[in-house]
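A short write-up of the structure that comes next.
The values are calculated or read from the model by the stated rules, or taken from the named source; none is laboratory data. Every value quoted in this text rests on a predicted model; they were computed, and no experiment measured them. Positions of Cβ are generated from backbone atoms using ideal geometry, with glycine treated the same way; all protein chains shown enter the neighbour counts. Quick note on the areas: whole protein, heavy atoms, side chains included, nothing else; ligands and nucleic acids left out. Shrake-Rupley method; radii C 1.70, N 1.55, O 1.52, S 1.80 Å.
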Amino acid sequence: MNFFKRKTTWTNAEFIPLKLCIASIYVIVGAHFHEFFSRFYVPLFILFCICVVWAVAMWVKKMKE
């Protein structure tokens, strides 16, 4: 499976969706334990889903280049 062995170059700006994705899931997990963030559960989950799709799309685009 060469898909996972290919090397790609990423700029710092291209890591932003991945970082947002990771940050939003951390806050979602934190919302399970803290009532303050529970108000933002749905918007954060939507942000997480959008960032996952965005990061995977950029990753696939980079792999094709």
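Observations on the model:
- Unpaired by the 4.7 Å Cβ criterion, cysteines found in the chain: 49
- Accessible surface of the chain, 1.4 Å probe, proportion on carbon and sulfur as whole %: 71 percent
- Compared with the dominant Cα axis of the chain, that is its longest principal axis, helix 41-64 is turned about 0°.
- Once the 1.4 Å probe is applied to the protein heavy atoms, the chain comes out at 83 Å² accessible per residue.
- Based on the convex hull around the alpha carbon atoms, the chain presents an average projected area of 5.3 nm².
- Applying the Karplus relation 6.51 cos²θ - 1.76 cosθ + 1.60 with θ = phi - 60° to region 21-26 yields 3J(HN,Hα) values of 4, 5, 5, 5, 5, 4 Hz, where x marks Gly and Pro.
- About the centre of its Cα atoms, the chain shows a dipole size close to 380 debye [charges on the beta carbon of Lys, Arg (+1) and Asp, Glu (-1) only; nearest 20 debye].
- Mean Cα-pair separation over length for the chain, i.e. relative contact order, pairs under 8 Å, 6 or more apart, %: 43 percent
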